[in-house]
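First comes the structure, then the notes that go with it.
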Ligand SMILES: Cc1ncc(C[n+]2csc(CCOP(=O)(O)OP(=O)(O)O)c2C)c(N)n1
Ligand code: SF4
Ligand SMILES: [Mg+2]
């Protein structure tokens, strides 16, 4: 008699099995590290192919799902989060990860970021912040520092940049963390903590664009003479004011978990509505419930 599939012991996926196409990023691009650590996370936490989904918008960083051999989508510019929200709400058994860049997250996708955060949808959103539009070859992004010279600001950017930590906190995100591609141990730690959070978890990961903003994050990299500063000792992750204060530190700022609280998720609230609605229509198949609703509209 053959062994039932459920009883066959499965080996954790290896990096070789989870890696898809060869990444097309430029040599030295920070995004390589994020991908490598994502593979490590999948291997370490023994996540199976069918239990993970990788969603992104458009940009160099958003090419991410192409390089992962699992379910996912390279979606519309700025719309990774609405797509990922649909997946998360309809498939609570999946680990939903959305990836993207600073332009994708805070320019065209700015509204979606705010709403996904306030709704506390259970998913992890990691933004590879290189402070520039990489894919379209060097335009000012919402996180570019004042004075940054680009094709759209030849005399230097003059607009106050978005502070991703403050943006996430004020939008209502229940998990807010910051890391950098040059500290792999820390990056993996943040990804694990985000994945374990029941709610919307946001990570800003500094990720250098070696092509269009070389050296942007040297001040945070001890190998380049900079300093990697952990969150202040004794930081209380449930203290929102302390999180804002840490977020207000000048660049390169702090790294770690700024804020983490438990609040009901959109997933739980919707599941409760579905449960109550189902009680009223016991014995009906999904299509019959839908039919009933259409009949009511006639
Ligand atoms: C609707 C729409 N507008 C503009 C573009 C052009 N576009 C593609 S990627 C991008 C910016 C990407 O920047 P970012 O999200 O920071 O990603 P990076 O390439 O830096 O990783 C823009 C403006 C597009 N593809 N679709
Ligand atoms: S242009 Fe910049 S962000 Fe894009 S792949 Fe090259 S180094 Fe990375
Ligand atoms: Mg960018």
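Would you mind ranking 158, 195 so that the residue whose beta carbon has the fewest other beta carbons within 10 Å leads the list?
If I rank by nearby Cβ atoms, fewest first, I get 158, 195.
Please report Rg (one decimal) and Dmax (integer) in Å for the Cα set of region 38-104.
Rg, Dmax (Cα atoms, Å): 11.4, 32.
Could you give the nm distance between label points at residue 280 and residue 16, where each point is 7 Å from its Cα heading toward the beta carbon?
About 5.6 nm, to one decimal.
When the C-alpha atoms of region 8-263 are aligned to their principal axes, what extent does each axis show, in angstrom, from largest down?
Largest to smallest, the principal-axis extents are 61, 40, 35 Å.
By how many nm would the segment from residue 76 to residue 261 lengthen if fully extended, with 0.36 nm per residue of separation less the alpha-carbon distance?
Extra length from residue 76 to residue 261 when fully extended: 63.6 nm.
For region 239-285, would you read off the P(r) tail past 17 Å as a percentage of all alpha carbon pairs?
59 percent
With a bin width of 5 angstrom, please list the P(r) values of region 109-166 as percents of all Cα-Cα pairs, from the 0 bin to the one holding the largest distance.
Going from the shortest bin to the longest, the percentages are 4, 17, 23, 21, 15, 11, 6, 2, 0.
Would you look at the GNM of the chain, springs on alpha carbons closer than 10 Å, and say which of 139, 288, 69 moves the most?
Fluctuation is largest for 288.
At 222 nm, what helix-only mean residue ellipticity would the chain give, in deg cm²/dmol to the nearest 500, using -39500 (n - 2.57) for each DSSP H run of four or more? It would help to have the intermediate numbers written out before the result.
Values: 9 runs with 95 residues, N = 298.
Rounded to the nearest 500, it is -9500 deg cm²/dmol.
Read-outs throughout are calculated quantities, based only on the coordinates presented, and are distinct from any laboratory measurement. Given the structure is predicted, the values throughout are model-derived calculations rather than measurements. So basically every Cβ, Gly included, is an ideal-geometry build from the backbone, and we count neighbours across all protein chains shown.
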